[in-house]
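Take a look at the structure set out below.
Bear in mind that the values in this text are calculations on the coordinates, not laboratory data. Because the structure is a prediction, the values reported are computed rather than measured. Every residue, glycine among them, receives a Cβ derived from its backbone with ideal geometry; neighbour counts consider all protein chains shown.
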């Protein structure tokens with residue numbers, strides 16, 4: 001009867017094969033785990049946004065409700081701004097260590113309507129045309145700050161940003177009224193991928 005044990009060489013070969021298999025399987029397992037974490041964080045933010053909007057629309061405690069976003073966490077709060085919130089109602093949600101947030105820093109939903117707050121107010125944009133650039137009376141006098149005198153357009157044009165309403169802004173030669181921007185995007189990055197959540201001006205919350 002010939003009994004042969006496992007030689008050291010055979011044992012080393014088996015160990016090398018196991019190590020090679022592990023080197024392929026471990027990264028794949030980590031990628032899957034991180035991908036699942038990112039999906040979980042994304043779903044959590046979507047749920048928090050919708051619940052916060054629902055609270056505002058129900059006029060709970062007669063207040064707006066919002067969410068403040070940091071890089072590694074987000075905070076649901078009661079109030080019309082994060083700075084002026086009632087901290088007793090704060091709810092803090094931490095992200096997975098491999099995920100990070102960017103985009104909007106704060107979103108507040110108005111009570112009753114549930115509409116998002118302005119991220120950029122309406123304003124009159126553009127650079128006014130210097131008075132001496134006008135060669136005729138009518139365009140000269142249409143520009144605030146300019147005056148036609150002696151066949152020459154004189155004065156100092158009034159900056160576009162000083163006009164606070166669409167009618168006064170639009171009659172200026174190069175000024176353009178920009179409407180307020182409502183809502184915005186929140187991005188979740190992790191594991192080499194990025195997901196974006198959009199809150200539009202009507203308050204609709206969607207994963208893009």
For the chain, find the longest principal axis of its Cα atoms and tell me its angle to the long axis of helix 8-57, 0 to 90°, nearest 10. 30 degrees
Taking every alpha carbon pair in the chain and sorting the distances into 5 angstrom bins from 0 up to the bin holding the longest one, the percent per bin comes out as 1, 7, 11, 11, 9, 8, 7, 7, 7, 7, 6, 5, 4, 3, 2, 2, 1, 1, 1, 1, 0, 0, 0, 0, 0, 0
Summing -39500 (n - 2.57) over every DSSP H run of at least 4 residues in the chain and dividing by its residue count gives a helix-only mean residue ellipticity at 222 nm, to the nearest 500 deg cm²/dmol, of -10000 deg cm²/dmol
What ranking of 195, 55 emerges when the number of other C-beta atoms within 10 Å of each C-beta is taken as an exposure proxy, fewest first? 195, 55
Kirkwood estimate for the stretch 123-178, i.e. one over the average of 1/r between Cα atoms, Å: 11.0 Å
Given contacts defined as C-alpha pairs under 8 Å and at least six residues apart, what's the relative contact order of the stretch 50-199, whole-number percent? 22 percent
Put in order of increasing Cβ neighbours within 10 Å, starting from the fewest, 129, 168 give 168, 129
Rule-of-thumb Rg ratio for the stretch 88-208 [Cα; 2.2 N^0.38 Å; N residues]: 1.66
How do 112, 173 line up, fewest other C-beta atoms within 10 Å first? 112, 173
Once you keep just the Cα pairs under 8 angstrom separated by 6 or more residues, what percentage relative contact order results for the stretch 123-178? 46 percent
Where the centroid of each part is defined by its Cα atoms, how far is the stretch 100-163 from the stretch 58-87 in Å? 32 Å
